[in-house]
2 protein chains.
Amino acid sequence: MAAGSPEINPDLARERRRATFDPEQLTCFLYGGPEAVRRKRYLENVVKQDPVLQNEQRWAFQSRQERVETGLRKHMYLDKLQADLGIADIKEREHLRAAAAGHEGYALGLHYGMIIPTIKNQASEEQQRKWLPMAESLRMIATYVQTELGHGTFIRGLETTATYDPQTEEFIVNTPTLSATKYWPGGLGKTVNHCVLMAQLYTQGKNRGIHMFLVQLRDMDTHMPLPGIEVGDIGPKFGFDEMDNGYLRIHNVRIPRENMLMKYSKVHKDGTYQKPPSDKLAYGSMVLLRCSITSMSAKCLAEACVISIRYSVVRRQTEISPGGEEAQILDYQTQQYQLFPLLAASFAMRFAGDFISNFYKEKYPEIARGNFDFLPQLHAMSAGLKAFSSWVSSAGVETCRLCCGGHGYSHASGLPKIYVDCTPACTYEGENMVLMLQVARFLMKEYTNMMRGKPLSSLIQFLACDITKKSCMTDKVALKCLVLAYQHRVTRLVADAAASIQEIVRKGKSQQEAWNSCSVQLFWAARAFCHAFVVENFVETVSEKHFDDKTREVMTSLCQLYGVHGIITNLGEFIQDGFFTADQVQILNNRLMFLLREIRPNAVGLVDAFDFPDSALQSCLGRYDGQVYQALYDYAKNSPLNEKEVLDSYYKYIKPAQLSNSSKPYSRL
Amino acid sequence: MAAGSPEINPDLARERRRATFDPEQLTCFLYGGPEAVRRKRYLENVVKQDPVLQNEQRWAFQSRQERVETGLRKHMYLDKLQADLGIADIKEREHLRAAAAGHEGYALGLHYGMIIPTIKNQASEEQQRKWLPMAESLRMIATYVQTELGHGTFIRGLETTATYDPQTEEFIVNTPTLSATKYWPGGLGKTVNHCVLMAQLYTQGKNRGIHMFLVQLRDMDTHMPLPGIEVGDIGPKFGFDEMDNGYLRIHNVRIPRENMLMKYSKVHKDGTYQKPPSDKLAYGSMVLLRCSITSMSAKCLAEACVISIRYSVVRRQTEISPGGEEAQILDYQTQQYQLFPLLAASFAMRFAGDFISNFYKEKYPEIARGNFDFLPQLHAMSAGLKAFSSWVSSAGVETCRLCCGGHGYSHASGLPKIYVDCTPACTYEGENMVLMLQVARFLMKEYTNMMRGKPLSSLIQFLACDITKKSCMTDKVALKCLVLAYQHRVTRLVADAAASIQEIVRKGKSQQEAWNSCSVQLFWAARAFCHAFVVENFVETVSEKHFDDKTREVMTSLCQLYGVHGIITNLGEFIQDGFFTADQVQILNNRLMFLLREIRPNAVGLVDAFDFPDSALQSCLGRYDGQVYQALYDYAKNSPLNEKEVLDSYYKYIKPAQLSNSSKPYSRL
């Protein structure tokens, strides 16, 4: 934290004195204890003191080409720093990188984060012995190449082929059409010299489905593309400027048989294909990735909340009473109404991310041992939470930005960068709507099982609840009653969707047609399921975890706000079957306004508790010291456009126009 | 349109054959008849054939500095083209510019669009005689300078001062604090040499409120800033890259008395202040600007719909039935559910924009003559529609982008650029939430009048409706019943908000405190009011305007979808008082799904009807010919990062790391 800053904006300082709880306690809870927090701050301080990192120019002032180069330089420097400091812990590495490079991507990120694990998980032991040292020494740098111009989420539709030739014991690899062109993989354009390629395997005249192949793309000395390989950057995007997302066309490139990743499936010398023991073994890394997207989305939303809430106590506008001092904009109920539910959501998502990661850690070893009992739940929950959290965060970050008024639109605010970094999570690793329909499929299966008298999965027991029962809500707004309301909503929506499907099938349509005709309803059910899960998990966290009393009180208000706001925002789905009475709706409405007032004095304390260093936020508006106007002014002064007092374009275009106009009669003064 | 394109994607061609109506009829309706459409296409063709404009590089491939220069060059070239072709009509100018420069801004845009009109409206005749020729010949280039680092929507809070000195007959102009630094005005940074400055006028020791002053900033020959002036670009933003939005600090700069804009207010030589005849005369240009923002927002949403709907029939993914052909993604109900209501909204906003602009044209002359009867309605409606439409469009454009999957994230899609161009409208010319509360104030005033037996304003007669009456909705889903439902919703929300305020006042709080404590409720009421207005206006447009039967049928479905979807999405507000029965809700739900199916075959026809040329959309995904993959591939190949096969950063950072690693034992193969 920015301890030692010369001067804290007095409005912000007063907010910190007003908090009814100790944010430090919450920080320790969030990061796993005081020692972990101490280490985190130590690493952030290393970054702050580092002479090289201190002197980097703002990313926003650089051209794309400069960003690509700076990103690589900075991250490779951090690799070295990390090694020098002996930091092995993944969380500590994240702290270091967040403090030094915020939302600036790393073209080798997939090499370290996905390729090395994939080799470990999917390559045979012999392959690992050969490839891991190459990968770890960066002699081989690779990325994960799956999506094609014409094919994304639906992997079976990929067109790239690897056809086995037993004569030479090689695969012949092709992207046979324009739409088969590989497109999007990070680092593919300019950085990597190899890739792990997803392609349709053909051997002995048959398609054996999608498999992975290690394909060399560039010469390991000159870095020039090899014959048959056309590879390059896909051009500028909304964000991810530092990354050279790439395209790749492959024309009759031969790779040795040993380059197919053969831990599970195999192609023998004669071309005989050996199936993997289970299709399900490929799920692992994707599930884990989706868990981490939930946490990443939560973090983006939390960062945006820190920025917009700190700014909202520094920013003053309009008197609430005529002639009075201009009010801090956080004192407007409408501002609280926009920001506090998002603050609550950022904690809710954070806890959901923690849950699903722990669930994965707990259950995955069993799955790897061949016990697939928990796989459907793990798959559905990780998919659902990834989709739910990335949607909430993506929209939420923009709301935070708009709550900062005009200044939110400047890159000085840091918010646009968070947004463009956060929103692709709605698409990658499974398009959100597609994932939601996978969740719906899980729900329908469970529901059908239940109707047939089979037991429900552990996370979804509530589906057996009596949907004719009305809400227990009283003016205490007990957390328990909130949870039951969300569970009731899912259960009713699941039952409605199932009934709709049945009716359409009864009218003679196929199961597939019926599914598509009801998919909006199914989406509603899946979204409600994720929402219910997040609420329940939030309630359990504040009820069961070891908070001191004051912190628990604040967190309970926040949790209640999350639950109540979600009901009011989706009220139709909660009341169309008469679950709440009109009086209960009134209670919830009143409670919502009450909670906004109650959370107000702790808003800054709550965002401080996230303990993001200024260097990670890169925001003039979200600074710990609240000196926002000075920071905006400094940002402006340093704009590269100000390097010249008069731009060349003045001489080239404006001056000639003035001169030509001055010869016309009307302008003679 | 792209007539003469070599080949239309067969999926898109088939869609065009499927339409049940003639899009050309709708195009003519939208642009005011066949002759106007012919002119529009003629101008678009001029752009297409123009050798200079043809050869411009994509904006996305340029650095910010290049974008600033290109923007200026392109737009000044268009000024000339416009003059050469003798195009005086404002709509025709817009067509020309849209086709040539799409969403690329013009640093002189405010000079032409705001400064020249401001001089005409706010300067005395003598001032006009002096300044207009200077402005028209570009000897004087100015921008409108209002917002400050610390002050936005609340104009009374501005800190910049102009203090009259009768000794020298000059104003002494100052931005006395850091937070008074002028910040954001377009073109201020590098382009203009003058500005129209909003400042607190002080004369004879008294503050006379905000007035306008013409201030020279740069030397008219050298373009260097004058003494006492510090001016520059504010740095990179989310978008508006071509614009040099600027900052300005003024230190004791003296300007002649004659530089105050004195059509209405005056400062005489001795310092005597003369008030304007009415405060309300300053409203005009802002109201007009807000009307045009409604239309602009509608256009952005329409463009995004064109892109995402065309792409959604070209893109195929996943079989609906196993083993079948991959489906066009627009055949998925969830895709229709996301896109068709936005398509409907883009028409709804378009018609709302037309209405409010016509209302302005009709009523403003009366207002200018001093009859202020219509001013409150005009002010409230223009504010409300600006806020409502910019929110809907901003969120809608992002939904369209996400509906294009991964490719939507590339600048190749054109969608990020539309978004960053559209979203600032939520903030500029009045922050949306602030405007919504102004609408609420109007509603409360009308409601109070009504309760006192006074007549309601013309646009708001329905506020007198009986809120105990239930919905007339039957399974025909008559448009009339939809309109009544929206009117019922507003009326109930207005009554609820009024009751809440009264109750708080009764408990002893001030009117101001009560207002703030109820402002979320007030916001709900204002939003519902705008929504009701947009629905009603859409219904009137499809009912009363001269469409042929087939077009009317399609437009009626779209209008019904807009109404039904809005109810389902905000269901709680419609049913919490029992206005709809459960059966009626079921009818609306079924109707929603029915309408998605019904609109499906006309989706492409409807977006074609907007008749946006490819050069305006600048989108690989939204091309008229549907050749999206070839276009994406070409975009990638042209990425500036591909100019070198091996980047310098490879030699600088990767190679050395490889070499240093290769000396370590573990990597020896």
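Please report, in debye to the nearest 20, how large the charge dipole of the stretch A:269-332 is about its Cα centre when each Lys and Arg carries +1 at its beta carbon and each Asp and Glu carries -1 there.
Charge dipole of the stretch A:269-332: 540 debye, to the nearest 20.
Quick one: with all protein chains in place, what share of the accessible area of the stretch B:115-255 is carbon or sulfur, to the nearest percent (1.4 Å probe)?
49 percent
Cross-link candidates for B:K644: which aspartates and glutamates have Cα within less than 19 Å, leaving aside residues fewer than 8 places away along the same chain?
Reachable aspartates and glutamates: A:E66, A:E69, A:D219, A:D221, A:E230, A:D233, A:D241, A:E242, A:D244, B:D634.
Quick one: how many Å² of B:E503 are accessible to a 1.4 Å probe, rounded to 10?
My reading of the accessible area for B:E503 is about 90 Å².
Within chain A, which complete DSSP H helices have Cα atoms spanning at least 15 Å along the helix axis and a mean Kyte-Doolittle hydropathy of 1.0 or higher?
Correct list, ordered by number: A:283-314.
Which of B:S179, B:Q167, B:G205 sits closest to the plus end of the dipole of the stretch B:138-276, meaning its Cα is farthest towards the positive end, when Lys and Arg get +1 and Asp and Glu get -1 on the C-beta?
Projecting each Cα onto the dipole axis, the largest value belongs to B:G205.
For the residue pair B:K637 and B:Y651, what label-to-label distance in nm results when each label sits 7 Å from Cα along the Cα-to-beta-carbon direction?
Taking the two extended label points, one gets 2.7 nm.
So, counting K/R as plus one and D/E as minus one, what does the shell of residues with Cβ under 10 Å around B:A514 add up to?
+1
Alpha carbons only, please: Rg and Dmax for the protein assembly as shown, in angstrom.
31.3, 105
For the stretch A:138-276, what is the convex hull (Cα atoms) projected area averaged across all directions, in square nanometres?
Quarter of the Cα hull surface area: 8.7 nm².
Once each part is reduced to its C-alpha centroid, what is the distance from the stretch B:406-440 to the stretch A:524-546 in angstrom?
The two parts, judged by their Cα centres, are 32 Å apart.
Computing the accessible area with a 1.4 Å probe over protein heavy atoms, can you report the carbon and sulfur percentage for the stretch B:10-73?
In the stretch B:10-73, the share of accessible area belonging to carbon and sulfur is 51 percent.
By what distance, in whole Å, do the Cα atoms of chain B stretch along each of the three principal axes, largest value first?
The principal-axis extents, from largest down, are 90, 82, 66 Å.
So what's the net charge close to B:T168: Lys and Arg +1, Asp and Glu -1, counting the other residues with Cβ under 13 Å from its Cβ?
Charge balance in the 13 Å sphere: -2.
What nm distances, shortest first, do you get from the label point of A:S543 to those in the other copies when the point sits 7 angstrom along Cα to Cβ?
5.2
At A:K91, with labels set 7 Å past Cα in the Cβ direction, how many nm apart are the copies from this one, shortest first?
Copy-to-copy label distances for A:K91: 6.3 nm.
Which value, in debye to the nearest 20, gives the size of the charge dipole of the stretch A:138-276 about its Cα centre, when Lys and Arg are +1 and Asp and Glu are -1 at the Cβ?
540 debye
Rounded to the nearest Å, what's the spacing between the alpha carbon centres of the stretch B:586-604 and the stretch A:598-662? Just the number, please.
47 Å
Please name which of B:G323, A:M224, A:V505 has its Cα lying farthest along the dipole of the protein assembly as shown towards the positive end, using unit charges on Cβ (Lys, Arg +1; Asp, Glu -1) and the Cα centre as origin.
Farthest towards the positive end: A:V505.
Add +1 for every Lys or Arg and -1 for every Asp or Glu among the other residues with Cβ under 11 Å from the Cβ of A:Q335, and state the total.
0
Taking just the C-alpha trace of the stretch B:234-346, give me its Rg and Dmax in Å.
Looking at the stretch B:234-346, its Cα Rg and Dmax stand at 26.9, 89 Å.
Would you list, by chain and number, the lysines whose Cα falls below 19 Å from the Cα of B:K469, excluding same-chain residues fewer than 8 positions away?
Counting by Cα, and skipping residues close in sequence, B:K469 has these lysines nearby: B:K480.
Count of lysine pairs in the stretch A:260-311 with Cα atoms under 19 Å apart, counting only pairs 8 or more residues apart in sequence or on different chains?
4
Which residues of the stretch B:123-146 bury at least 50 Å² of accessible area once all protein chains are present, versus their chain alone (1.4 Å probe)?
B:S137
How far is A:N358 from the same spot in each other copy, in nm, shortest first, if each label point sits 7 Å from Cα toward Cβ?
6.2
Run the helix sum for chain A: -39,500 (n - 2.57) per DSSP H stretch of 4+ residues, divided by residue count, reported at 222 nm to the nearest 500 deg cm²/dmol.
Calculated from helices alone, the mean residue ellipticity at 222 nm is -17000 deg cm²/dmol.
Can you give me the accessible area per residue for the protein assembly as shown, using a 1.4 Å probe, in Å²?
Value returned for the protein assembly as shown: 38 Å² of accessible area per residue.
Quick one: dipole size for the protein assembly as shown, taken about the Cα centre, charges +1 on Lys/Arg Cβ and -1 on Asp/Glu Cβ, in debye to the nearest 20.
820 debye
Find the centroid of the Cα atoms in the stretch B:463-511 and in the stretch B:334-397, then give the distance between the two in whole Å.
Here the two parts' Cα centres lie 22 Å apart.
The values are calculated or read from the model by the stated rules, or taken from the named source; none is laboratory data. Predicted model only: the values in this text are computed from it and were never measured. FYI the Cβ positions are ideal-geometry reconstructions off the backbone, even for glycines, and counts take in every protein chain you see. Ligands, DNA and RNA are excluded from the accessible area calculation, which covers all protein heavy atoms including side chains. Shrake-Rupley method; radii C 1.70, N 1.55, O 1.52, S 1.80 Å.
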